[in-house]
Structures are given as structure tokens and as C-alpha cells.
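Here is the structure we will look at.
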Amino acid sequence: MYGGYERVAANQTVIAEPFDDAGYDTAGFHSNLYLSADFGYDRGFDCFFDSKVDENRSPTQRLKSFVKSTLDEDGLLFQTLSNMVETAERQVGVNLGLAYVPATDLTDMAVEWIREQDNGDNFLWIHYMDVHHPYVPPPEHQLPFREEPISERRAIKLRRKLIEYPDTVTDAELSDLIDLYDAEIRYTDAQIDRLLSAINDNWDRSETLVAVTADHGEEFYDHGGVSHSATFYDEVIHVPLVVDAPGIEGQYNDLVGLLDIAPTLVDYANLEVPDSYHGYSLRSLLADEVWDRTEVIGDWEDLDTGEVRLAVRTDEWKYIQRNTGPELYDLDADPNEQDNIVDEYSDIVDEFEVLLNDHCAAVASTAEDIGSVEMEESVKERLRELGYKE
């Protein structure tokens, strides 16, 4: 945690550094460019692939990037070529290149690295992007959800309609989109199985901790929108977390946050947890069933407009601050967060306001001149295609 968004992680300890300092062999494989070497996330990795320069990208995808980065956006040629690309996807359903590297390819890289390591101290991080529009899962992973798979051409057309004309998506089309989403989950799960099989075959499983989680969920009109913008509703922020290590058994229903993962990994390796890690190690919960966390706080800032969104979630309540006004939900009585009762519980709201004010002060106190990244147009385009930038 540090005082900024979309900033270089300059003087902070990123995930691989404690392991690298302790002599671990380290590797990271992903294709989310917000986590690229440009932002400092390659530090501590002996082997790091972030797909910024990806020889596997299709010629059409490279052409899209070239057009975006080379031509004047207000010029006639740029507008003509851009319209041709969008029309091809919208009307014909031609896929002009994924904005991420498929899970199969990332798993191939990771498995190769796993096999090259000895059975010593290793740290591996892999981040899949396939459960992410455009949803183009392999046909075999669609069949558990429907009798006939949806063609890639139709999937691409549905994606364009969902993005550009969300109010016109029919119930049948929404059902197809959810089937595609579920199939992407199933496909990614199969790749995780491949990854775990390689670990089991090559490393001492009794000395290995595995954590599986997600950075966000996806909305399908649960609150009138789509994709994964910073609404802070549970369909976007309530994600799975599975931790498997020697001595861990059973299921837990305690409130945890993604900030808790890094200190957990470092703690289980019996290394010193960096001061900049603001989460809690899950070791006390998993080993001793003692847990001190009472709330999880989320925040988001639009660097262009200055808009800040905040939320706090407890076992019972969800409080959200956005420019559309404050929202409060009783999660026991209203788990789908449909009834905003902010005007009925001023005392609860006041408590959460104090928590959020303290959080903002803590973020501000860590602010430092750590620089910013001037992203190339090709990077911005890939992030737009993934729904991360306007």
C-alpha cells in the first residue's frame, strides 16, 4: 500500500522481493499490463513475462496497436481504420486479437520453469486473464453449460454488443454471455489443474503452499451495469480464496482481503513481513483460528477526473461512497445489495465515515514522489479492451 494509483512501485517491496532476498528462485507470468515491468512489478523476479512485447500476438492485433500509436486520432485515416476494426468485430464477429495471453500459453511457460527448478526454495506467481471479456473459451469447456458451443464469431459479436449497446442485450443473449463466462472459468480451472500437476510431479508438495484467488469478479446487470467497474458491490469484489498448505484443513467464512495474501505467503516462508505490507497474515486464522480483521476497505481513484470512490465491508454491513451518493446495505437482510438504507442508520454511517477518513489519511501519509508511467498507446489500447481504461 502506498499513496498513489497507477504509479510506479518505486520504493515499496513488491511480492517477489522478500523471496528473492532469501535466495529463492523466482518467476512470474502474466499479461495484465498494469502489473508490468514499467510499474516496477518485475523486481525480485529471476524470470518475468508480462507480455508487453509478445511475439505471439496476432498480426491484426499488432496492426491495431500500430494504428492507435502512429496515426492522429482526429485524422480521417485513423477514423476509417478504427471503424473498420469495430465493424468487423460488431457485425461479422471477427476476432482481431486478444488483449491478453491465453491461459494455455502462460501455463506452458510456468510448467517449463517448474521443471527446470530443483526441489529447493522456489516462488512462482501466475496471473490468468481469460475470465475476462472478450469471452472466447474453447468449445469443450462450454458443453457442461449448453448443448451446442457458441462460435467464436458469435462470442465476439456479443462482446461488442455488451460493451457498446448494453441496454439492447436480450435475456437470451445475456444467458449466452454468462455461459461463455462460466466456460472461461472452467477453462482456467483446467489450466490451474495442469499447473498443480506439474508442481506435484516436480516439487515436494509437503513443503509447498499454494494460494488461488482473483482480483475481481464480473457484473452482469446485477446493479444495472456490466464488466468490473469500481462499484464495490459484492459481484465485483467478493472473490474466492483457496490456500493449501501442510496442516491446513477445512473451510472458513471469515472476512479477509487481498492485502492479506502477500503477508501470508511471506509469513509461511518464515521470512520477515515488510513494513509496507498492510494486510494480516492468514497463518493465525488457519493455524490457530484467531483472526483480528473486522473490516475490509476498498478504494479507487480516477486520475483524469480526480473522482475517488471508497467502501468498507464488515460481516454485516457494506458502506459505499461514490459521486452518485452514499449507500448502506444490511448484508444479512439484503445480501444482493438492492435496498439502500443509508438514511436509516446515521450512527452506523458515522462509524464508517471515521474508518474511511482514517484510511484516506493513511494513504495520504504514504504519498511520495514516486513517479508515473507514460504508457504507450498500444498498452492503453490493451487495457481499454480489458475494461480498465476509458
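The values are calculated or read from the model by the stated rules, or taken from the named source; none is laboratory data. Please read all numbers here as calculations on a predicted model, not as lab measurements. Neighbour counts run over all protein chains shown; Cβ positions are idealised from the backbone, glycine included. Remember, those area values only see protein heavy atoms, side chains included, never the ligands or the DNA or RNA. Shrake-Rupley method; radii C 1.70, N 1.55, O 1.52, S 1.80 Å.
Computed values, structure above
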read-out	value
Single match in 212, 242 (criterion: open to solvent by 70 Å² or more (accessible area, probe 1.4 Å), under 30 Å from residue 329 (Cα atoms) and not in a helix (DSSP H, G or I))	242
Residues of the range 143-182 that turn out to be under 27 Å from residue 224 (Cβ atoms) and either assigned to a loop (DSSP other than H, G, I, E, B) or of a type in the set (Phe, Trp, Tyr) (or both), as a count	7
Number of the condition not met by residue 295 [criteria: (1) free of Cβ contacts under 8 Å to residues at least 40 places away in the same chain; (2) of a type outside the set (Val, Ile, Thr); (3) under 30 Å from residue 209 (Cβ atoms)]	(1)
The range 284-328, subset within 20 Å of residue 260 (Cα to Cα) and of a type in the set (Val, Ile, Thr), residue farthest from the chain's Cα centre (by Cα)	290
Count - residues of the range 329-354 that are under 25 Å from the mean Cα position of the chain (by Cα), buried (at least 16 other Cβ atoms within 10 Å of the Cβ) and not in a strand (DSSP E or B)	1
Unmet criterion (only one of (1) in a helix (DSSP H, G or I); (2) touching a helix residue (DSSP H, G or I) at 6+ places or on another chain (Cβ under 9 Å)) for residue 231	(1)
Those residues of the range 220-239 which are surrounded by 14 or more Cβ atoms within 10 Å (Cβ to Cβ), hydrophobic (A, V, I, L, M, F, W, C) and in contact (Cβ under 8 Å) with a residue 24 or more places away in the chain, in sequence order	220, 226, 230, 232, 237
Scan of the range 224-244 for residues that are within 22 Å of residue 326 (Cα to Cα) and at pLDDT 90 or above, ordered by number	231, 232, 233, 234, 235, 236, 237, 238
Residues located in the range 248-292, provided they are without any contact (Cβ under 8 Å) to a residue 24 or more places away in the chain and not in a loop (DSSP other than H, G, I, E, B)	263, 267, 283, 284, 288
Residue within the range 167-187 that is farther than 22 Å from residue 28 by Cβ, surrounded by 13 or more Cβ atoms within 10 Å (Cβ to Cβ), touching a helix residue (DSSP H, G or I) at 6+ places or on another chain (Cβ under 8 Å) and of a type in the set (Val, Ile, Thr) present	yes
